[in-house]
Amino acid sequence: MSATIYTTDLTKDECLLRLQKHTGRGGWARWAEGTIAAKIRGDRFRLFAWGPANVRNSFAPFFYGRFEVVAEGTRIRGRFRFHTIIRGFLVVWFAGLLAGVALILLLPPPAWGSGRPPSLFAVAPITGMTLLGVGFVRLCRWFARGQMENLRYFMARELRAQLRVGGSPNQTLQATAATPRS
């Protein structure tokens, strides 16, 4: 996903203090729907919104961002991405499927024991697993759309962030929603 740029009139330190309130939540509050969890390292941070209790989605995106000091306040540059472990899993999954197709199509006939290459129908299960994987990721992203909206609403409410549009710092859109999605 492409980078998203927000601007806020708060200072970098004020933004960090406001995010600090959402780190280290323990107990049941951590698992409550709509709860925002933050992890901060220097000027970089990660936000996650817990979704509905009946849909625990490991493929829900995090917002990875960093603060940059600018003349008019603070710029928040970030993007929605899967967690690093999930991205690694997807790389292994799809690379394994690609390697399976390459083996079926590129191995010489003597390597198959029968002396003749496998039919192209041998690729069908791997193609099906690839399509299933892509469909599953898209379905999980669809389920996580409310969590992404909660993160956008959180940034607009807590950090007074406005979505920057275009190249000019004067062109901004309010990143608020009427009500947060649950």
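The values are calculated or read from the model by the stated rules, or taken from the named source; none is laboratory data. Computed from a predicted structure; not experimentally measured. We place every Cβ from the backbone using ideal geometry, glycine too, and count neighbours over all the protein chains shown. Accessible surface is based on the protein model in full, side chains and every heavy atom, while ligands, DNA and RNA are left aside. Shrake-Rupley method; radii C 1.70, N 1.55, O 1.52, S 1.80 Å.
Every residue in the stretch 17-51 that is farther than 20 Å from Y153 by Cβ and either at pLDDT 75 or above or open to solvent by less than 90 Å² (accessible area, probe 1.4 Å) (or both), please.
Across the stretch 17-51, the qualifying residues are G24, G26, G27, R41, G42, D43, R44.
Is it the case that V134 is modelled with pLDDT of 90 or more and β-branched (V, I, T)?
For V134, the condition - modelled with pLDDT of 90 or more and β-branched (V, I, T) - is met.
Out of all the residues in the stretch 62-93, which are more than 14 Å from T4 (Cα to Cα) and within 8 Å of the chain's Cα centre (by Cα)?
Once the filter is applied, which keeps residues that are more than 14 Å from T4 (Cα to Cα) and within 8 Å of the chain's Cα centre (by Cα), the stretch 62-93 yields F82, H83.
Within the stretch 56-71, can you find the residues that are closer than 28 Å to D13 by Cβ and surrounded by 11 or more Cβ atoms within 10 Å (Cβ to Cβ)?
Those that are closer than 28 Å to D13 by Cβ and surrounded by 11 or more Cβ atoms within 10 Å (Cβ to Cβ): P61, F62, F63, Y64, G65, R66, F67, E68, V69, V70.
For the stretch 68-91, which residues satisfy the criterion of being touching a Gly at 6+ places or on another chain (Cβ under 9 Å), part of a strand (DSSP E or B) and hydrophobic (A, V, I, L, M, F, W, C)?
Matches in the stretch 68-91: I76 only.
Would you pick out the residues in the stretch 99-129 that are open to solvent by less than 50 Å² (accessible area, probe 1.4 Å), touching a residue at least 12 places away in the same chain (Cβ under 8 Å) and assigned to a helix (DSSP H, G or I)?
G100, V101, I104, A122, V123, I126, listed by residue number.
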